[in-house]
Structures are given as C-alpha cells and as structure tokens.
Amino acid sequence: VGEMARTTTAAAALLPRSVARSDGAEPNGRGKRSPPVDLKGFTDSGVLGPAARLGCALLILVGFALIALAPGLHRPKGKGLCPGSATGYALAVDLLANGPFSEEHWDYFVEADPTGGPTAYLNRSTAVEDGLILQGNGWTTLRTGKVQKGMRQSVRLQSRLAWKEFLLEFSYSQVPHGCGVWPALWLQCANESVCKPWPVNGEIDLLEYANEFYSKSSLHLGRDAKCILNHTMLSECGPFMDKNSMHYNCATDYFTFPPKYGCAPNRDDTWPAPKQLNARPSTLVAEWTQDAVKLWNFPYDDLPADLLAQSPEPRGWGPKYLWSYYPLAWSHCPSQSDLRPLNVILNIAFCGDWAGGDWTRVHDDGSAQSPWWWAKTHLLGQGVTCASLHGMAGRTNNREACNAFVLSDKADAMLSHDSRFNISSFRVYEKQRVHNTMDS
C-alpha cells in the first residue's frame, strides 16, 4: 500500500505544475514554455473536481486490492550492480579557490531571469558588497539579498571551464528552501559558439526543486534524441523509477503533445526534500564517464575515505547512497554522442514558471505518506501549499501572488535565514576511463 501511495503521489505531483499556472504554460527550468495542457477534472486552484475525486477514490481502492492480491507487483530492490564508474581521478580545479566564487573560475550571469521571476542577478563586486557571497574558515555562502527596484537580489554562477567526463564534488551544510525559492545545481552545454540550441548537447540536473518540493535528477537531450535507458540495468542496480514518467526516454520537448520531459531515473525509496537535506549535511558527487552518469549523496559521517583524501575511486563506493543512475553504454542511446562538454551552474531563482506557477500546489516533501494523507491532500484539497501559508495577496494569478510575497517585508526574515547555500567544498576531478567494467 505504501509503495502504491508513493507512486500515485509522484504521478500526481508531476501533473499540477501545468494546472497551477494561470496561463497554462509549463516551464523547462530554463525560461522556455510549452503549450497549455488541458487537464480535465481539476479546478482552477489545482484541486480535483467532484467527479475526478470519485474516480480517483475508486482507482485507489482497485490499486490497493491489486497490491494485496499480487505481491509480485512490488518493485525489486536490485542487486547493487551499477557499472560505469572510472578510476584514477585527480583534482582538476577547486572552484572555491582564490576567493569566494572568484572570477578566475566563474562567470556571473547578469541578464533578466530566463524563468520569468522577480530575480535580479548581480555581478560579483555587487554581490560581495551586499553580502550575497560570504566566506569563512572552511565554508562559503551563496545567499539571496534585498529588494531593489521591484526585484530581489540573487546570484547565478557559471563555470568558465566546461568538462566532458569528469567527477564533481559539492559539499553542503545548508541548501535553500522556502516558498518562492527555486535553487538549482546543474550542468549544461553553455558555450553558444559550440553548443547547439538547448537541449541538444545536454543538460543534467543534479539538485533542483522549488518551494518545499523534493529534488530529482534529470537528463535532457534534444527533441529527436534516441536515448532510452535500459530498464534491466536499472533494476539490477537498485529500486529506480523514472520520476518524469517518461519510461526512461531522455528526449526533451515541452512544445509537443504529449510533452517530453527527459529521463529521471531516481531511487524510489529516496525523495530528497530540502529540509531533509539540511537535517543531515552531505556531499553530493556526480560522475560522468563514457559509460554512465551517476549521482551520490554521502552524509558527512559516512564519506568514502578516498573522497576525503581528494583521490576519489567511485568504483568502490557501491549503491547505498546512489541517488540517480544513467547506464548509457548499456542502453539504446546513440544520442549519447550529442553530449558536449558541460559547464557547472549554480543559482537561486524566485517564483517564475515553477515556484510561482506551483504556488497553490500541495507540498510533497518526499516523506512516505499514508493513503489517507494522499486522499486528504490531493482529493479533498486539504494539503499545505504556499498559498495556504502566505496567502494570495489579493491576486488570482499564482505567479503574481508568489511575486508579491517574495518582494514583501514578510519574506525578508525567512529568505535571510533559509535561502542560502552553505558550501564547504566544490571541486572538479578528471579521470582515466575504464570502459564497460562491471563495477558497482
């Protein structure tokens, strides 16, 4: 029952993002929008209508009966066989060296927010002067700032260098959260002189969420990409599911019908929400080889010794803390060759298509919810939302309500405390490749 409720909750969580937008547009996280999606059965606030509630209730009862009668429906736990890692890594660059987010390593994006939110991205000198970038003994903070000219200050960083097939280490003691906040750590082919239009040459989302929703990793390739991940390999590795509900198809096109959201093979027993992440500081590690992409999240009290020594050997790490796995070499993925060197990007946005569009969407923090919780929140409309916490400020449009809150004095204290990355390491390692080695 619990697994069925989790799967059903995940499916429901994917739908209302389109419902919550007053203009019906669906974001891709980078400022592009898809055509309106007609989701019949929902009210304007994103709550299921009476007929849809009855239908869903019957569906849930049938689902519970099937699970009770067919234990074989439960997803296998996997054997921990997750090949694709490399060996022989060496430190290539410390992205926090020579000053906090030095321009030696980082470019500062200062254009209008591509996601449509009230975000004013600052250059480095202004960000340091206004306290958005801080550094102490062993830590660096990236935070949001004050309201100025109808926008709230923030920072968007993009690494000057791009890498192909590398390992990224990102240690944090706090990640941003709260209503109206949309943070992300992601990889993208960002050099316009060599990269084709997004997302042909690839985007990999490592840590991304909005408001108090859970984070998931996704791989985005072009609309005509041929890349479907191997289901058998994923089940051999662990209990994975595609949290984009795309059957592990990595092609991405938000403007087609039905939309293509890219593939998101994440563990179905791990739903990392920001408050949960902050309760246990960890090190996020992403590895990209010619064979696979992997994403781990190691708690500080259980870090691999080789990673602590800055000589990571991920072939020996195992699947215990593996969040996401893309077995490219063992999949039908000829479009893997489209992946070009990727830049590292770190930013905190406000509202816009996702955090704003989902202002009235019920929070799913990733914790295991009971069937009664699911029915109460998604069928009866009694779940916690940003609108229930902070109101609509007299607006009927979700994005406008989000903007009004984020730009208000009421939001100052919350954002000052909660809307920040506290980082202790941010490193890139380059490697020697080991092809088609059955490691774990």
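The values are calculated or read from the model by the stated rules, or taken from the named source; none is laboratory data. Worth saying up front: this structure is predicted, and the values here are computed from it rather than measured. Glycine also receives a Cβ, built like all others from the backbone with ideal geometry; neighbour counts cover every protein chain displayed. Only protein heavy atoms, including side chains, enter the accessible area calculation; ligands, DNA and RNA are left aside. Shrake-Rupley method; radii C 1.70, N 1.55, O 1.52, S 1.80 Å.
Scanning the range 218-255 for residues that are at negative phi and among the polar types (S, T, N, Q) turns up 218, 230, 232, 235, 244, 249, 252. Screening residue 245 with (1) surrounded by fewer than 21 Cβ atoms within 10 Å (Cβ to Cβ); (2) touching a Pro at 6+ places or on another chain (Cβ under 8 Å) gives one miss only, at (2). Annotation note: Cβ proximity below 6 Å between a residue of the range 235-255 that is closer than 13 Å to residue 269 by Cα and of a type in the set (Asp, Glu) and a residue that is in a loop (DSSP other than H, G, I, E, B) and open to solvent by 20 Å² or more (accessible area, probe 1.4 Å) (sequence gap 6+ or interchain) occurs for 242/248. Each residue in the range 281-312 was checked for being open to solvent by 40 Å² or more (accessible area, probe 1.4 Å) and touching a Gly at 6+ places or on another chain (Cβ under 8 Å), and 1 pass. Filter the range 70-96 for residues that are touching a Leu at 6+ places or on another chain (Cβ under 9 Å), modelled with pLDDT of 95 or more and outside any loop (DSSP other than H, G, I, E, B); which is most open to solvent (accessible area, probe 1.4 Å)? It comes out as 92.
Scoring residue 413 on the criteria (1) open to solvent by 40 Å² or more (accessible area, probe 1.4 Å); (2) touching a residue at least 12 places away in the same chain (Cβ under 8 Å); (3) out of contact with any Leu (no Cβ under 9 Å at 6 or more places or on another chain) leaves a single failure, condition (2). What do you reckon, is residue 90 more than 24 Å from residue 295 (Cβ to Cβ) and over 22 Å from the mean Cα position of the chain (by Cα)? Considered against the rule, which asks whether it is more than 24 Å from residue 295 (Cβ to Cβ) and over 22 Å from the mean Cα position of the chain (by Cα), residue 90 comes out as no.
For the range 122-152, a residue qualifies if it is surrounded by 21 or more Cβ atoms within 10 Å (Cβ to Cβ), touching a residue at least 60 places away in the same chain (Cβ under 8 Å) and more than 17 Å from residue 411 (Cα to Cα), and exactly one does: 142. Considered as a group, the residues in the range 97-106 that are of a type outside the set (Asp, Glu) and surrounded by fewer than 18 Cβ atoms within 10 Å (Cβ to Cβ) include one that is modelled with the highest pLDDT, and that residue is 102.
Residues that are acidic (Asp, Glu) and under 17 Å from residue 206 (Cβ atoms) within the range 264-297 comprise just one, 287.
Flag set for residue 109, criterion: within 17 Å of residue 182 (Cβ to Cβ), modelled with pLDDT of 95 or more and in contact with a strand residue (DSSP E or B) (Cβ under 6 Å, 6 or more places away or on another chain). In the range 232-253, the qualifying residues are those that are outside any loop (DSSP other than H, G, I, E, B) and within 18 Å of residue 83 (Cβ to Cβ), and the one that is nearest to the chain's Cα centre (by Cα) is 240.
The single condition among (1) surrounded by fewer than 22 Cβ atoms within 10 Å (Cβ to Cβ); (2) outside any loop (DSSP other than H, G, I, E, B); (3) hydroxyl-bearing (Ser, Thr, Tyr) that residue 193 does not satisfy is (2).
The residues of the range 207-231 that are surrounded by fewer than 24 Cβ atoms within 10 Å (Cβ to Cβ) and not in a loop (DSSP other than H, G, I, E, B), listed by number, are 208, 228, 231. Looking at the range 190-241 only, could you name the residues that are small (Gly, Ala, Ser), under 18 Å from residue 328 (Cβ atoms) and in contact with a strand residue (DSSP E or B) (Cβ under 9 Å, 6 or more places away or on another chain)? Within the range 190-241, 202, 217, 218, 222, 225, 238 qualify.
Here residue 270 fits the description: of a type in the set (S, T, N, Q), part of a loop (DSSP other than H, G, I, E, B) and either in contact with a Gly (Cβ under 7 Å, 6 or more places away or on another chain) or under 25 Å from residue 83 (Cβ atoms) (or both). Just one of the numbered conditions (1) closer than 14 Å to residue 358 by Cβ; (2) open to solvent by 40 Å² or more (accessible area, probe 1.4 Å); (3) of a type in the set (Gly, Ala, Ser) is not true of residue 401: (2). Each residue in the range 254-263 was checked for being open to solvent by 20 Å² or more (accessible area, probe 1.4 Å) and either farther than 21 Å from residue 201 by Cα or not in a loop (DSSP other than H, G, I, E, B) (or both), and 4 of them qualify. Condition check for residue 275 on (1) open to solvent by less than 10 Å² (accessible area, probe 1.4 Å); (2) outside any loop (DSSP other than H, G, I, E, B); (3) closer than 30 Å to residue 80 by Cβ; (4) not aliphatic (A, V, I, L, M): one failure, at (1).
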